[in-house]
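These notes concern the structure reproduced below.
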Amino acid sequence: MKPQSCVNIKKEWDIVGARQLGREIAKKIGFGIVDQARIATAISELARNIYLYAEQGQICFDVIDTMEHKGICVTANDSGPGISDIGQVMQDGYTTSGGLGAGLPGVKRLMDEFDLKSVENKGTQIKTTKWVR
Amino acid sequence: MRIPILKLHHYLLVSIQTEIDDHTAIQFQEDLLSKIHKSGSSGVVIDLTSVEMIDSFIAKVLGDVVTMSDLMGAKVVLTGIQPAVAITLIDLGIHMKNVPTALNLEQGLTKLHQELGE
Amino acid sequence: MDQQFKRIAIEHSDAIVQRWLEEINSLKEGNYTASISDELFESTNREFVNVIFTSIKNQGSTAAVEEFSEKIINLGWPLSYITDGLQVFRRETVDYILSQSDKVDSDFISNVLKSVDLWVEPLIRQLVNEYSGSWEHILSLQRVALQELSAPLIPVMDKITIMPLVGTIDTERAKLIMENLLEGAIKHNSEVVLMDITGVPVVDTMVAHHIIQAAEAVRLIGSTCILVGIRPEIAQTIVNLGIDLGKFPTKSSLRKGFKTALEITNRKVIDLKSQEEDAENLMGSLDGE
Ligand SMILES: Nc1ncnc2c1ncn2[C@@H]1O[C@H](COP(=O)(O)OP(=O)(O)OP(=O)(O)O)[C@@H](O)[C@H]1O
Ligand SMILES: [Mg+2]
């Protein structure tokens, strides 16, 4: 595994920075154009959620390159308010901000693996992975 | 950064050429509505050929802009959505059911022409 | 010692080859080359045994080995032909060298075995590597061909493209279909895409879901997708499963779908022949007057 690279999410423009870096990494690993768009979009969703609901946090990228697997792991970390009902936020259309409520369930469909851990008033960690086909 | 809005007869043309951040998207929504108001345009083509990704936020802004323009009497057609963008939108569960689309700018204009009967 | 054995083998290569060929021929009845002509089998065997001897003389000649393994793949012969051939060679050579020696004790036998193994081993390794390498190459070519086959696009005419789907649709293939469909629609500037599911044997919720998603994506890029080839049982499944095909135009046959596609693109088919006849009739009636 290569050393992790991270982007701090504090301002709105950091959302763009994170997804651009993620797309670049995905391209280098050998993802096709459609998967690059999927990964960039998922990063954008995770980064915006940090910006909107936790104010600040981090998006980190790991390149996975073993004998059997090649892929990218994207982790979103924040110390915000946390999510109390995970089942609820994973429903299509659920939003507390007047959005489409498409973000989290969308990320799950865009990526191959999705893992959400959250503790109320402590923060949220979302780890997602996409494998090169 | 602002997205330029061009006027062509009684239509407005927008070609989005840059990576859109949230602020630019909101600014664009305001700019387009006030331009429709000032020019009295009856149709708008927004060309997205150069756009590499649309996430749920930008999709919402675009969808809203279509509905708002409609309320003001201007029909909006989105053109040039790339395959990768279309596929990610479908994955996100965003179908933009009420938004008219066309393959490219020319066909977008033709579509406006047909539907507005002008 | 080793040099001495090698000399014996090379000096008497004719005899060893003779025995080897007999042995290999008896293996032919086995399985792998049952449908192959005798001439081809014999000439390939001779080439094989030549490759073996050249390799022993030159201590591994890569070009000949490479060429030979490629040939075996192109002939479609199995790897066991190569491994059997080398095993037989080993056995025959050891027997031959032993038969040529007066003093044979267990030390001697083990020396002979060691030497011959030493000659054959690199050859086995090289041939098997070459064989599996080329095989993988061919497989990857076939995979690409299969991908294209599994989601073909036919730009039948200006503005109209057909995608006939045949066979089972799983998630992986559905992704491929979606990508090909969208790329193709844009490449051919197709205002209408006809997705023909006549050849899809089973349409369950999963397949229907994939088809609907593809149709929705087609609409997003600015084209129209018409589903054709809806057989009665598929219509039943769709309704029984409560699947909402919603706004997508569907037609029972490709023909009807094509007609709708023409209407959408403001065109229709006219029969030139009957017009000609009309014209001829008209001319005829003029003549008569
Ligand atoms: N990092 C987070 N910390 C706290 N709450 C969060 C976090 N991420 C998401 N949520 C909660 O989960 C809800 C659903 O998030 P999701 O991204 O699916 O939709 P949305 O952000 O409301 O709208 P959209 O992403 O479609 O613009 C949010 O409205 C918010 O209440
Ligand atoms: Mg969100």
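Scoring A:GLU45 on the criteria (1) under 25 Å from B:GLN82 (Cα atoms); (2) within 16 Å of ligand 1 (Cβ to nearest atom); (3) open to solvent by 40 Å² or more (accessible area, probe 1.4 Å) leaves a single failure, condition (3). Does C:GLU183 satisfy being among the acidic types (Asp, Glu), closer than 19 Å to C:ASP158 by Cβ and out of contact with any helix residue (DSSP H, G or I) (no Cβ under 9 Å at 6 or more places or on another chain)? No.
Residues of the range A:84-94 that are away from ligand 2 (no atom under 16 Å from the Cβ) and open to solvent by less than 70 Å² (accessible area, probe 1.4 Å): A:GLY87 alone.
Scanning the range A:23-34 for residues that are at the interface with chain B (Cβ under 9 Å from one of its Cβ atoms) and either open to solvent by less than 10 Å² (accessible area, probe 1.4 Å) or among the hydroxyl-bearing types (Ser, Thr, Tyr) (or both) yields a single hit, A:VAL34.
Just one of the numbered conditions (1) open to solvent by less than 10 Å² (accessible area, probe 1.4 Å); (2) more than 9 Å from every other protein chain (Cβ to nearest Cβ); (3) within 16 Å of ligand 2 (Cβ to nearest atom) is not true of A:ILE72: (3). The residue of the range A:95-133 that is farthest from ligand 1 (Cβ to nearest atom), among those that are open to solvent by 80 Å² or more (accessible area, probe 1.4 Å) and assigned to a loop (DSSP other than H, G, I, E, B), is A:ARG133. A single entry from B:MET96, B:MET68 fulfils the requirement of being under 12 Å from the mean Cα position of the chain (by Cα), modelled with pLDDT under 95, open to solvent by 10 Å² or more (accessible area, probe 1.4 Å) and of a type in the set (A, V, I, L, M, F, W, C): B:MET96. Taking the listed residues B:LEU13, B:LEU33, the one that is touching a residue at least 12 places away in the same chain (Cβ under 8 Å) and assigned to a strand (DSSP E or B) is B:LEU13, with no other qualifying. List the residue pairs whose Cβ atoms are under 8 Å apart, where the first residue sits in the range C:209-228 and is at the interface with chain B (Cβ under 7 Å from one of its Cβ atoms), the second is in a helix (DSSP H, G or I) and open to solvent by 10 Å² or more (accessible area, probe 1.4 Å), and the two are 6 or more positions apart or on different chains. Pairs that qualify, where the first residue is at the interface with chain B (Cβ under 7 Å from one of its Cβ atoms) and the partner is in a helix (DSSP H, G or I) and open to solvent by 10 Å² or more (accessible area, probe 1.4 Å), are C:GLN213/C:ALA174; C:GLN213/C:MET178; C:ALA217/C:MET178; C:ILE221/C:ILE186; C:GLY222/B:GLN107.
Selection over the range C:84-119 of residues that are among the small types (Gly, Ala, Ser) and touching a residue at least 12 places away in the same chain (Cβ under 8 Å) gives a count of 2.
In this structure, B:THR88 does not qualify as within 14 Å of chain C (Cβ to nearest Cβ) and within 13 Å of B:LEU13 (Cα to Cα).
Within the range B:95-115, the set of residues being polar (S, T, N, Q), within 9 Å of chain C (Cβ to nearest Cβ) and closer than 29 Å to A:GLY103 by Cα comprises B:THR101, B:ASN104. Within the range C:84-98, can one find any residue that is more than 27 Å from the chain's Cα centre (by Cα), of a type outside the set (Phe, Trp, Tyr), open to solvent by 40 Å² or more (accessible area, probe 1.4 Å) and more than 24 Å from C:ASN25 (Cβ to Cβ)? Checked against the condition, which is being more than 27 Å from the chain's Cα centre (by Cα), of a type outside the set (Phe, Trp, Tyr), open to solvent by 40 Å² or more (accessible area, probe 1.4 Å) and more than 24 Å from C:ASN25 (Cβ to Cβ), the range C:84-98 yields no hits at all. With respect to the conditions (1) more than 14 Å from chain C (Cβ to nearest Cβ); (2) touching a helix residue (DSSP H, G or I) at 6+ places or on another chain (Cβ under 9 Å); (3) within 26 Å of A:TYR94 (Cα to Cα), B:ILE5 lacks only one, and its number is (3). Condition (residue is among the polar types (S, T, N, Q) and within 16 Å of ligand 2 (Cβ to nearest atom)) applied to the range A:108-124: is it met by at least one residue? Yes, the range A:108-124 contains a residue that is among the polar types (S, T, N, Q) and within 16 Å of ligand 2 (Cβ to nearest atom).
For the range C:175-201, the candidate set comprises residues that are in contact (Cβ under 8 Å) with a residue 40 or more places away in the chain and away from chain B (no Cβ under 12 Å); within that set, the residue that is most open to solvent (accessible area, probe 1.4 Å) is C:THR198. Considering (1) charged (D, E, K, R); (2) facing another protein chain (nearest Cβ under 8 Å); (3) touching a residue at least 40 places away in the same chain (Cβ under 8 Å), the lone condition that B:GLU52 does not fulfil carries the number (3). Here the range A:1-22 is the region considered, the condition is being buried (at least 24 other Cβ atoms within 10 Å of the Cβ) and assigned to a helix (DSSP H, G or I), and the residue that is farthest from ligand 2 (Cβ to nearest atom) is A:GLY22. Set side by side, the residues C:SER110, C:SER99 differ, and just one is over 18 Å from C:ASP14 (Cα atoms), modelled with pLDDT of 85 or more and small (Gly, Ala, Ser), which is C:SER110.
For the range A:48-89, which positions are within 8 Å of ligand 1 (Cβ to nearest atom), in a loop (DSSP other than H, G, I, E, B) and either β-branched (Val, Ile, Thr) or within 14 Å of the chain's Cα centre (by Cα) (or both)? Residue satisfying the conditions is A:ILE83 alone.
Does the range C:159-174 include one or more residues that are within 12 Å of chain B (Cβ to nearest Cβ), in contact (Cβ under 8 Å) with a residue 40 or more places away in the chain and among the basic types (Lys, Arg)? Yes: one or more hits. Restricting attention to the range B:78-90, does a residue exist that is small (Gly, Ala, Ser), free of Cβ contacts under 8 Å to residues at least 40 places away in the same chain and surrounded by fewer than 22 Cβ atoms within 10 Å (Cβ to Cβ)? Looking for residues that are small (Gly, Ala, Ser), free of Cβ contacts under 8 Å to residues at least 40 places away in the same chain and surrounded by fewer than 22 Cβ atoms within 10 Å (Cβ to Cβ), one finds none in the range B:78-90, hence no. Among the residues of the range C:261-277, those that are modelled with pLDDT of 70 or more and surrounded by 10 or more Cβ atoms within 10 Å (Cβ to Cβ) comprise C:ALA261, C:LEU262, C:GLU263, C:ILE264, C:THR265, C:ARG267, C:GLU277.
The values are calculated or read from the model by the stated rules, or taken from the named source; none is laboratory data. All figures in this text were calculated on a predicted structure; none of them were measured in a lab. Don't worry about glycine lacking a Cβ; one is built from the backbone with ideal geometry, like all the others, and counts go over all protein chains shown. The area values use the complete protein model at the heavy-atom level, side chains included, leaving out ligands, DNA and RNA. Shrake-Rupley method; radii C 1.70, N 1.55, O 1.52, S 1.80 Å.
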